1. Identify the single condition in (1) in contact with a Leu (Cβ under 6 Å, 6 or more places away or on another chain); (2) open to solvent by less than 10 Å² (accessible area, probe 1.4 Å); (3) more than 16 Å from Thr111 (Cα to Cα) that Lys245 does not satisfy, given that it satisfies every other one.
2. Step by step: first the residues of the stretch 76-93, then only those that are at negative phi and not in a strand (DSSP E or B), then the one that is most open to solvent (accessible area, probe 1.4 Å). Which residue is that?
3. Give Asp153, Asp219, Asp194, Asp160 a once-over and let me know the one that is closer than 26 Å to Gly334 by Cα, of a type outside the set (Phe, Trp, Tyr) and at pLDDT 95 or above.
4. Within the stretch 94-136, which residues are assigned to a strand (DSSP E or B), under 18 Å from the mean Cα position of the chain (by Cα) and either hydrophobic (A, V, I, L, M, F, W, C) or modelled with pLDDT under 95 (or both)?
5. Go through the stretch 53-75 and give me each residue that's outside any loop (DSSP other than H, G, I, E, B) and without any contact (Cβ under 8 Å) to a residue 40 or more places away in the chain.
6. Which residue pairs have Cβ atoms under 8 Å apart, sit 6 or more places apart or on different chains, and have a first residue in the stretch 180-191 that is within 14 Å of Phe243 (Cβ to Cβ) and a second that is charged (D, E, K, R) and open to solvent by less than 20 Å² (accessible area, probe 1.4 Å)?
7. Would you confirm whether any residue within the stretch 194-210 is open to solvent by less than 20 Å² (accessible area, probe 1.4 Å) and of a type in the set (D, E, K, R)?
8. Scan the stretch 212-267 residue by residue and report those that are β-branched (Val, Ile, Thr), touching a helix residue (DSSP H, G or I) at 6+ places or on another chain (Cβ under 8 Å) and under 19 Å from Trp313 (Cα atoms).
Amino acid sequence: MRKTNVIIFAIAVIVFAGTFLISLVSLPSDSTTSPSNKNRQMSLTANKDFKVPESGIHTLMGKTEKQIVRTLGKPERVDPSKFGYRWFVYGRASENYLQIGIDNSTNRVTTIYALGKKLKTNPFTIGDESQKIYEKVPIADEVSLTYKGTKIDFELNEEDMMVRPLMKFGKIWVQLNFDHLSDRLIGVRYMNTDVLAVQHPYSMTYQGNLPETPTLTEDQWAAVNQGEDQEIFDVSNVLRMRFKKKILQWNEAAYQAAYKHSKEMKTKNYFSHGSKWSGDLKARLERENINFQTAGENIAAKYPDAIAVSLGWLNSIDHRKNLLNNDFTELGVGSYKNYYTQDFVRPLIP
């Protein structure tokens, strides 16, 4: 009998997050409002009438790089990832924001992240309430797949079902990203089985061997960190636009403060806004010669990528306050080997 390997990979367990806000002018109230506990009437049985649409963003899955460039034009930016594909980024600072993941070996699309409301993501409509979507498609809290002879069973917990349910979509997979506070669809992630198996972003059991995550050199990590910084910055601004907030400008000094904090947390093996080595947020910003009226910080660790961490911050009340705070005008994002820091500032005008 084959040996059964069991692992637990629950985001709720391994992911940490923290938020901090300070002001040299006025300190906003720290009171929070608990999200309403909406009763989602999810259908956990397959919708036999569901058919994958013949048109839409998902039809780009499997296309070659040349076909993507011919269809969408040259990307505005190309970012490496830690999972063996590179992101082609389109539609920055707009409701056409799109990331196309092209495998480094096959040169074909293996994953897509559609965030912009203007993108054709049928049968899903970004901005729709969850119930409207669940009436169209089959959603279940247990999902099984076979990857090169390895049987994988994902078990989605209550938070997974609320924020990022997974479903089979023809020959590929779709993860729906929800803002559970507004109960509306934020974005859609498409993946082939290879990408889903290597990232395995849910609690699971498996029988056989899992694919290994590529080992990165320091130079490769540096490039991935910089790419994730820009993706978090881009996604943050699209979300701010959607919630009628001002677009943030990049602040290089705040980036330095954020990057150094992420690196320190990773290398010193701790997770906190305060540090016995570098002090608190105010001290770190002042060390980078940032004079500010108001500043805030979000931190996170061990999310699989920039998309996931951005969704996590949006769905946390305290982090959301910083992410959507209209008092901030600039942002620096610093990532280091799966540790993430956002430093928001409103500079002090002389």
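The values are calculated or read from the model by the stated rules, or taken from the named source; none is laboratory data. What you see is a predicted model, and the numbers here were worked out from it, not measured in a lab. Cβ placement follows ideal geometry from the backbone for every residue including glycine, while neighbour counts extend to all protein chains displayed. Keep in mind that these areas ignore ligands, DNA and RNA; they rest on the heavy atoms of the full protein, side chains included. Shrake-Rupley method; radii C 1.70, N 1.55, O 1.52, S 1.80 Å.
1. Just one mismatch for Lys245, condition (2).
2. Checking each candidate, the answer is Glu76.
3. Asp219
4. Leu98, Ile100, Ile102, Ile112, Ala114
5. If the condition is that a residue be outside any loop (DSSP other than H, G, I, E, B) and without any contact (Cβ under 8 Å) to a residue 40 or more places away in the chain, then Thr59, Lys66, Gln67, Val69, Arg70, Thr71, Leu72 are the ones that fit.
6. The qualifying pairs are Ile186/Asp179.
7. Taking every residue of the stretch 194-210 in turn, none turns out to be open to solvent by less than 20 Å² (accessible area, probe 1.4 Å) and of a type in the set (D, E, K, R).
8. Ile232, Val235, Ile247
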